[in-house]
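Novice: I have a structure here, written as structure tokens, and I will follow up with some questions on it.
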């Protein structure tokens, strides 16, 4: 006898969002989380005593403002802090590039590297703000749903066409043209400064299998302008009290609507009968019956790991297996005895994103390594020091440093990640040392999370933070599988709502939100 | 008061095609060609006595059947000899050999992987299916997606309908093909590296991308859309070399009354009040016409041949942004006898088809990586044919010509210039090929190396890009060559484009030339000219 209206698997940010919306709509929800803590990849963990470390994700500026408002997350303790400056891109020689929040100051800083770039920067930001807003609108478009073939939303389609035309001819062309482009080609059209181009391209690079010269990366760039962005760079990202506060707030919101959340409860099986879900089995052996399951766990793990293979059509299973989620990132978390001193910039520049990738070629070379199964010795690094904006994260005078590194391919050809973990850490830290002499001496503690560690700890297939690559053939109506982008699966009442679904990863909360909406819609018209 | 109805600048195969269609419709046409040879990059030249090189393009398969039919090309002695096989020698002495003999090919692939042999059949069927579905797009004028004009809306609706009729599965397969990398696409079908590498090579020809680059699976299909005698995918070469194709189209044009002048380079396109009315040759001679059709790439046409004031800053910026980076080179050899491949010693059917130096995906990808940073590949990808094996007219008896298409050779070199490094590229090619055919160096009588710089200087292809513009998703269909100007017309009245820089892109297709001519005739009929 089912007590719950739906059981949800995985209390990552998307699972929590979906649970909150469903509970808010009056549904009785049980959310099951494998780890002892909730939050998925948006967690703060005190792995070094006294230091609140964003062990996985470190920025949440892309999180949907609508969700924050709908679920009253601010009331539940979420405060997103502005980034200031937005970005600092150190250089080996000469001065680095700092991009402050305010556009006139940004222009001034950019002008030190290129006058013409400074002149163009504002226009670039404005154009990309508009284009990314249209992209966000496009994300709301209803997508094909094999489980419900009769739906066709003419009104929505016309609304989209109208909004598209409102962009004006030039920007309509820009949008169509830019969407499939490479970010390198795009930036080369606008700017000349290597540092600036490298810094902007970096925003498209995280978790990308391909480098900035490859098609589809301009789309990634646009995607990362969702939420709080100037059009070119995120403008907010840290949460006061640590990034875990985002998911804690979501957790509180869900509970306040009546959802039950159980951590330390790993689901090992989804039971189905005659194409319908009937319940879940936990690691403890406990079986809970239910009529509806929503999984935010990665699509491959859900459909290939939790569901019995005989419950799904072999052709569908093959398509699931073919979803590409080649992990290319590693995470290094550090406790520092003070701020690093970069030769090319002040400590005042360290409050936002610290981007190590001084040119497009550097980023491209860093991505080359993944193709051949080796990790980069000259990696692209996205670094933040959240304790600057929020000193509560570390003891007085000390700091937390969070480093995302690319490329570190999941499949190493000549070795394995157990053997290479420390070498990876060394390569990353040595790279930072090149730009900030004496940095190595500041390190009090270090944690290196290889793609294998990311997979084992956070349940990410191949350690891919977006669950599935955000490539042109794995977005929109093709995410997670062509025809199945409306969160449903061939198994009735088994839904998907994680980053592996539309519109993808990057801590937007949108997959959870749209999935919940879909679940509720089908609820009302349930036969 | 114009002397001619139309002047076509450039006697490349598209320019000649446009001229032929216009002449056939009764227009008085003059074609002006800079070189002494007609055909643009589809030419045969005897650079070493007795040996004929298809200097640039070397194979044909995409030549539009409607062009062959409508211009009655067989009448002028056009004969295309099919290339029946692809031979990929491997460094370990093994090889992969695929041919038109399905059973034999299956057995051959099964030698490497039984699963792949099965998959190969199914794959072939899918690609043919896909090619048939997409083919009509090659003959279509791209509708403008941002316009409310009934013609465009109708065109978009027709396009939408065409996709809908594909059926769901094929539509999704097509969407994937358009966006995936050829390596990723092929990874879903096959496991044999040398097979995947050889197949993915067609996805990177003429592009500045590697087999792992998104957007290369589409070009796989582009090259798969060729048809000879109704058989999809077959490639062939023209008897007498690629120049035959151009000659035959030129003959058709002349037969309908077109005038063709070689060694008549055009310097400037004359424009008055936003309307093109003539050209000026390098000699200073002015020739007027009601319509000017440029078979030259847009960078050259707009940024070199037109007074800058006649174009808006925005349009000039768009043209400057049109990507046209060359990545290919050619090495043409005169040989004293046949090459002897270690992987298949002696004379055999493998020498009558294509020979591909593509032993693995990594090999091609590494070749690409080097080019990204401004160097030519130290171990290049090569697509080779020996036309003299099937067409003895190309060389003296017992001797041979070898046509080697090379990738990657980036136009922009980090160190040195192409004239300085031309022979080093030639040496690299010969050295690499010698690893597979050790007798090569002993039999070379003559060598021609055509670098991207040479393609630009001699053949008028800006930056040596063989397709007059890269075939990337942001430069295709209604975005080719530039957004808003994808229908062969330009911001200058009476000035048209007809080269591969327009839809449907590159390859010796003659599609652009034909579509451009039809649009011009349409405009004439509506009194717009």
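Computed from the coordinates by the stated procedures, all read-outs in this text should not be read as laboratory data. Note that the coordinates shown come from a computational prediction; the quantities given were computed from them, not determined experimentally. With ideal geometry, Cβ positions are generated from the backbone for all residues, glycine too; neighbour counts draw on all protein chains shown.
Novice: Starting from the 7 Å offset along Cα-to-Cβ, what nm value, one decimal, do you get for the label separation of residue A:348 and residue B:129?
Specialist: The modelled label-to-label distance comes out at 6.5 nm.
Novice: Right, here's the next one. Can you give the helix-only mean residue ellipticity at 222 nm for chain B, where every DSSP H stretch with n ≥ 4 adds -39500 (n - 2.57) and the sum goes over all residues, rounded to the nearest 500 deg cm²/dmol?
Specialist: Counting only the DSSP helices, I get -11500 deg cm²/dmol.
Novice: Quick one: Cα centre-to-centre distance for the stretch A:399-460 and the stretch A:10-59, in angstrom?
Specialist: What the calculation gives is 24 Å, centre to centre.
Novice: On a 0 to 90 degree scale, rounded to 10, what angle separates helix A:194-205 from the longest Cα axis of chain A?
Specialist: 10 degrees
Novice: With axes computed from alpha carbons, what is the tilt in degrees of helix A:13-24 against the longest principal axis of chain A, rounded to the nearest 10 within 0 to 90?
Specialist: Orientation of helix A:13-24: about 50 degrees from the principal axis.
Novice: Does the stretch B:102-258 classify as rounded, prolate or oblate by the C-alpha gyration tensor (a ≥ b ≥ c root eigenvalues; a/c under 1.5 gives rounded; else a/b over b/c gives prolate, otherwise oblate)?
Specialist: Note, shape of the stretch B:102-258 comes out oblate.
Novice: Here's a follow-up. Full-extension gain between residue A:170 and residue A:123, please, as 0.36 nm times their residue separation minus the C-alpha to C-alpha distance.
Specialist: 15.5 nm
Novice: In addition: Per the helix-only calculation at 222 nm, which mean residue ellipticity applies to chain A, given -39500 (n - 2.57) for every DSSP H run of n ≥ 4 and division by its residues, nearest 500 deg cm²/dmol?
Specialist: -10500 deg cm²/dmol
Novice: How much length is gained on full extension from residue A:310 to residue A:324, taking 0.36 nm per residue of separation minus their Cα-Cα distance?
Specialist: So the chain would gain 2.8 nm between residue A:310 and residue A:324.
Novice: So if each residue of separation counts as 0.36 nm, and I subtract the Cα-Cα distance between residue B:336 and residue B:153, what length gain in nm does that give?
Specialist: 59.9 nm
Novice: Okay, moving on. Using a Förster distance of 35 angstrom, determine the FRET efficiency expected from the C-beta separation of residue A:392 and residue A:72, and round it to 0.05.
Specialist: Values: r = 23 Å, r/R0 = 0.65.
Approximately 0.95, to the nearest 0.05.
Novice: Taking the Cα centre of each part, how many Å lie between the stretch A:488-527 and the stretch B:308-367?
Specialist: If you average the Cα positions of each part, the centres end up 47 Å apart.
Novice: Rounded if a/c is under 1.5, else prolate if a/b is larger than b/c, else oblate: which is the stretch B:177-325, with a ≥ b ≥ c the root eigenvalues of its Cα gyration tensor?
Specialist: oblate
Novice: Rounded to the nearest 0.05, what FRET efficiency is calculated for residue B:115 and residue B:72 with R0 set to 56 Å and r the Cβ-Cβ distance?
Specialist: 0.75
Novice: Along the Cα-to-Cβ line of residue A:445, 7 Å from the Cα, sits a label point; which residues in the stretch A:327-350 have backbone N less than 19 Å from it?
Specialist: It comes to A:331-340, nothing else.
Novice: May I ask for the Rg/Rh ratio of chain A, computed from Cα atoms with Rh as the Kirkwood radius, given to two decimals? All intermediate terms of the calculation are to be shown ahead of the outcome.
Specialist: Working: Rg = 22.3 Å, Rh = 23.3 Å.
Value, to two decimals: 0.96.
Novice: Between rounded, prolate and oblate, where does the stretch B:32-104 land on the alpha carbon gyration tensor, with a ≥ b ≥ c its root eigenvalues, rounded for a/c under 1.5, else prolate if a/b exceeds b/c?
Specialist: Oblate shape, in that a/c is at least 1.5 and b/c is the bigger or equal ratio.
Novice: Here's another thing I want to ask about it. How large is the convex hull of the Cα atoms of the protein assembly as shown per residue, expressed in Å³ as a whole number?
Specialist: So the per-residue Cα hull volume is 169 Å³.
Novice: Just grab the label-to-label distance for residue A:291 and residue B:457, each label 7 Å out from Cα along the Cβ direction, in nm (one decimal).
Specialist: About 7.9 nm, to one decimal.
Novice: A further question on this structure: So what's the gap between the Cα centers of the stretch A:104-142 and the stretch B:142-187, to the nearest angstrom?
Specialist: The stretch A:104-142 and the stretch B:142-187 have Cα centres separated by 30 Å.
Novice: Go ahead and run the numbers for FRET between residue A:156 and residue B:370, Cβ-Cβ distance against an R0 of 45 Å, rounding to 0.05.
Specialist: Computed FRET efficiency for residue A:156 and residue B:370 comes out at 0.40.
Novice: Would you please state which residues of the stretch A:251-291 a label at residue A:146 would reach in this model, taking the label point 7 Å out along Cα→Cβ and a backbone N cut-off of under 16 Å?
Specialist: Within reach of a label on residue A:146, which here means backbone N under 16 Å from a point 7 Å along Cα→Cβ, the stretch A:251-291 contributes A:275-276.
Novice: Is any residue of the stretch B:18-46 close enough, with backbone N under 11 Å, to a label point placed 7 angstrom from the Cα of residue B:262 along the Cα-Cβ axis, and if so, which?
Specialist: Residues passing the 11 Å test: B:33-40, B:44-46.
Novice: Out of every Cα pair in the stretch A:359-419, what percent are spaced more than 18 Å from each other?
Specialist: Considering the stretch A:359-419, 51 percent of its Cα-Cα pairs are separated by more than 18 Å.
Novice: Going by alpha carbons, how many degrees (0 to 90, nearest 10) lie between the helix axis of A:115-139 and the longest principal axis of chain A?
Specialist: The two axes meet at around 0 degrees.
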